[in-house]
Amino acid sequence: MLKINTMRKDLICLPFIILLLPLLTQAQTTGGFRQHAEYEPTQAVWMLYPQIIHKKDFPTAAVTAEMIKALTPFVNIKLIVINDSIEQLVRNMLPAPLLKDGIVSVLKFAYQEFWARDMGPVFVTNNKGEKAIADFNFNDWGYNDTADGAARLDEKLDEHIAAYYNIPVISTNIVSEGGDREVNGKGTLLLVEAVEKQRNPGLTLEEMEPEYKRLLGVSKIIWLKQGVRDDDQSFYPPIEGPGGKKYYTMLTTGGHVDEFARFVNDSTLLLAEVSQQERKSDMEKQTGSRMDINFEILRNATDQNGRHFNIIRMPMPYPVTTKLEPGDSVYAQLKDLQTTAGLSFPDGAVDCVAAASYLNFLVANDALLVGKYWKKGLSQKIKKRDEEARQILQYAFPGKKIIAIDALAINYGGGGMHCITMNEPAGR
């Protein structure tokens, strides 16, 4: 899920020095600002034009274009590009009326990664509708240090956007990505303990909580334990998966919540599930048991008003596996991670598992974009699972148009469609 420029093993294991400094600037307060839930009205969806193809013959830009065309009947798009040549490419790629009528706005800022959910602008609003940006620190999903050049380039993106629009920034030294934060819009926040502790070593959950509350305007935090196994970070050894083979994860985040638990409304949640019958490999067994634990946490949890949640279970996609070869960008980064961590990385092609999920969906007003995995030549059971997921989403979001998109090119980079978008709420 990242392009590794520099990474040292000691930076994975040792606490980040910056987090030993005072944790926050007390002068900055939320001033009544809160982060909206994704199912609330969206003014625009932000995206960044991808600068990388994760696996040969799977163009990420093609998925970006398909998503924009699917979204524009429902919401405006703000698309960030890095230079004039990419802007011209975008103008040639998209239908002219979308650009002419301002439905798609093209802006130029410096960036490297295109995972807008994680280091893009996290908009918060107050009761007057005024906007600010909640600015978390960033360290390349725990693969680098916050001082790394690439991490700092992407971390500054939201500040540049705030300056461009002349809106306030509410900052913290806490390291956190938007894909690991899920709010219900009324005061409750879901976080994954394994992720947030890995990003902020040396800090307890109790020490971190005030910062999330201050920046996002929440009053209740529910800590889930771990994410799905195929989202574990890629400096770990491969794990046994389908067919008894060993599979590497593909530059994944360590367990972001948007892969497995999402709010439908302020009182209803979707949670991933692996049935007992499908827990065949170590990968599926570990994901299944982790979701069992998260279910118990959510079943016993209450919202900001002390009410229990309605929980709808969503099946996981059947594991999506592939081979990476020398020449694939993810292959080079994965090899670098494995060898830097002191592990033996085989020569030639390696088996990998994609970051596949039906819960990494995007909600934008009356549209919901979800990944699909069946294509001609694949098993009919995959087609049936895609349809089952679509029906569950239609039941959960009865007023929305469910649009299924083949986003495998994005999954091969360690995320999904939700990961490459950021919602800007209505307001001014």
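Scanning region 212-225 for any residue that is small (G, A, S), surrounded by fewer than 23 Cβ atoms within 10 Å (Cβ to Cβ), touching a Gly at 6+ places or on another chain (Cβ under 7 Å) and within 23 Å of D135 (Cβ to Cβ) turns up at least one such residue.
Does A110 meet the test of being under 17 Å from the mean Cα position of the chain (by Cα) and not in a helix (DSSP H, G or I)? Considered against the rule, which asks whether it is under 17 Å from the mean Cα position of the chain (by Cα) and not in a helix (DSSP H, G or I), A110 comes out as no.
Out of region 151-170, which residues are open to solvent by less than 30 Å² (accessible area, probe 1.4 Å) and either among the hydroxyl-bearing types (S, T, Y) or over 28 Å from S267 (Cβ atoms) (or both)?
Looking only at region 151-170, we keep the residues that are open to solvent by less than 30 Å² (accessible area, probe 1.4 Å), and these are 151, 154-155, 157-158, 161-162, 170.
Those that are open to solvent by less than 30 Å² (accessible area, probe 1.4 Å) and either among the hydroxyl-bearing types (S, T, Y) or over 28 Å from S267 (Cβ atoms) (or both): A151, D154, E155, L157, D158, I161, A162.
Got a sec? Which of I293, I311 is farther than 24 Å from P346 by Cβ, touching a Leu at 6+ places or on another chain (Cβ under 6 Å), open to solvent by 20 Å² or more (accessible area, probe 1.4 Å) and not aromatic (F, W, Y)?
Numbers: I293 fails: touching a Leu at 6+ places or on another chain (Cβ under 6 Å).
It is I311.
Looking across region 352-394, the residues that are more than 25 Å from P238 (Cα to Cα) and of a type in the set (S, T, N, Q) come down to N365, S379, Q380, Q391, Q394.
For region 398-421, the set of residues classified as open to solvent by 10 Å² or more (accessible area, probe 1.4 Å) and more than 19 Å from D351 (Cα to Cα) consists of P398, G399, K400, K401, I402, I403, A404, D406, listed by residue number.
Filter region 133-150 for residues that are within 18 Å of E38 (Cβ to Cβ) and not aromatic (F, W, Y); which is surrounded by the most Cβ atoms within 10 Å (Cβ to Cβ)?
First pass over region 133-150, keeping only residues within 18 Å of E38 (Cβ to Cβ): 133-134, 136.
Among the residues that remain, those that are also not aromatic (F, W, Y) are: 133-134.
Values: I133: 22, A134: 26.
In this case the residue turns out to be A134.
The single condition from (1) open to solvent by 20 Å² or more (accessible area, probe 1.4 Å); (2) farther than 30 Å from N144 by Cα; (3) in contact with a Leu (Cβ under 8 Å, 6 or more places away or on another chain) that L269 fails is (1).
One residue stands out among those in region 323-369 that are more than 23 Å from the chain's Cα centre (by Cα) and among the aliphatic types (A, V, I, L, M): the one that is surrounded by the most Cβ atoms within 10 Å (Cβ to Cβ), which is V350.
What do you reckon, is K128 over 27 Å from G254 (Cα atoms) and modelled with pLDDT under 95? Spelling it out, K128 is indeed over 27 Å from G254 (Cα atoms) and modelled with pLDDT under 95.
Matching residues to (1) closer than 30 Å to I312 by Cα; (2) small (G, A, S); (3) over 15 Å from the mean Cα position of the chain (by Cα):
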residue	(1), (2), (3)
D158	no, no, yes
E177	yes, no, no
L190	yes, no, no
L205	yes, no, yes
E211	yes, no, yes
I222	yes, no, yes
F235	no, no, yes
D258	yes, no, no
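The values are calculated or read from the model by the stated rules, or taken from the named source; none is laboratory data. Because the structure is a prediction, the values reported are computed rather than measured. A quick note on method: Cβ atoms are made from the backbone with ideal geometry, for glycine too, and the neighbour counts reach across all protein chains shown. Quick note on the areas: whole protein, heavy atoms, side chains included, nothing else; ligands and nucleic acids left out. Shrake-Rupley method; radii C 1.70, N 1.55, O 1.52, S 1.80 Å.
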